[in-house]
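Everything below concerns the one structure shown next.
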Amino acid sequence: MTASLRFLGLPDRLADGGTPRAVIFSAAHGTTYPGKDSSGYALAADAIRAASQDDATLVEHWDFDLGGPLFDGKPVCCIDAGDIATIMHDNAANRARIEARTREILALGAVPILLGGDDSVPIPFLAGFADHGPVWVLQIDAHIDWRDEVHGERYGYSNPMRRASEMPHVAGMVQVGMRSVGSARLAEIEAAQRYGSRFVTARELHAHGVEAALRHIPEGARVVVTLDCDGLDPSIMPGVAARTPGGLTYTQAIDLISGLGKRARVRLRPCRVLSARRHRRLDGRDGIPPDRQCDRRDRPAALNQAVRATSLLSRSGLRHSTAEQPRGRCSRARR
Ligand SMILES: [Mn+2]
């Protein structure tokens, strides 16, 4: 990462030396499947950061999506700590680094916000919450990611929710936005149902609104949000590997995130975007804090940040998808 290029121009530490409310960090690589090349994803986080620069001078301006300025007229309380050093195919070490950083941030009392990387990074991120459970997982994704293994690998981008289900500190999960086909077969659907995962398909969300998903989150639960950008509709997020019509709108996505703040304690996690031009995928993560009401005055800064990130992700996805269409294996890749 370029030292000067930080999300929204945020600092890498607070001026007063205090503890930040949220810490953004990024990881280019998580667990890459054998024979696969995830190098394109390494550029993802910086693409998000680049997309945010246009708004860096507007941080104190009124944001109609938030109902006020990002930090509510208060001093900046979130930081961008930059990129973790990861190496493609150094899977176990990458996971260890991501988990360690997540644990460090949580130990500070701050909310971790991770930008990936491919969609394997949720596994070590969630593992980092082991001492902060029980947590629920809200996954926004076109796919359920419940494969036990793919090509002999159990920690790749088709495995996150299966691995999450095995973590003792994960109390439950709500999976939102599924549609069309992906890596899941009947066996994976049955495994998820046996576990008790709550499925809310994209169609159900369109029919009944975000409450169809929010109602499954227990009051006061601590929630980790994982946002795979293919959960969003390709009309607003075309830069993904598996473009599938019928996804969440931007408004649904931010209402879902904001709605969590009303009933849960939230920590957010990624999204991913495949740049059409370079076949990159972005993986954005976001975290959120305590059991605060989500009315604007009281809304945690990290939650605002998450909504902001979602907005910027949408825009960066569009921006990176104008030059040419994805082709070859990437355009047909299925999670
Ligand atoms: Mn997906």
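Quick notes on this structure:
- Once the C-beta distance of L5 and S39 is scaled by a Förster radius of 25 Å, the resulting FRET efficiency is 0.80 to the nearest 0.05.
- Relative protection proxy for 11-21, 70-80, 246-256, 190-200, from highest mean packing down: 246-256, 70-80, 190-200, 11-21 (other beta-carbon atoms within 10 angstrom).
- Protection proxy ranking of 30-41, 224-235 - average other beta-carbon atoms within 10 Å, highest first: 224-235, 30-41
- Efficiency of FRET between H169 and D148 - r from beta-carbon atoms, R0 25 angstrom, step 0.05: 0.80
- With R₀ fixed at 45 Å, the C-beta to C-beta distance from A187 to H132 puts the FRET efficiency at about 0.90.
- Ranked by how many other beta carbons lie within 10 Å on average, peptides 177-185, 124-132, 202-210 from highest: 124-132, 177-185, 202-210
- Backbone N within the range 44-65 under 17 Å of label point (7 Å from A15 Cα along the Cβ vector): 56-61
- Extension gain for the segment L108 to D65, taken as residue separation times 0.36 nm less the Cα-Cα distance, is 12.6 nm to one decimal.
- Label-zone membership for the range 223-240, site Q53, 7 angstrom Cα→C-beta point, backbone N under 17 Å: none
No value in this document is a laboratory result; all are computed from the given coordinates. This one's a predicted model, so the numbers in the text were calculated from it and none came from an experiment. Here Cβ is always computed from backbone atoms with ideal geometry, including for glycine, and neighbour counts include all displayed protein chains.
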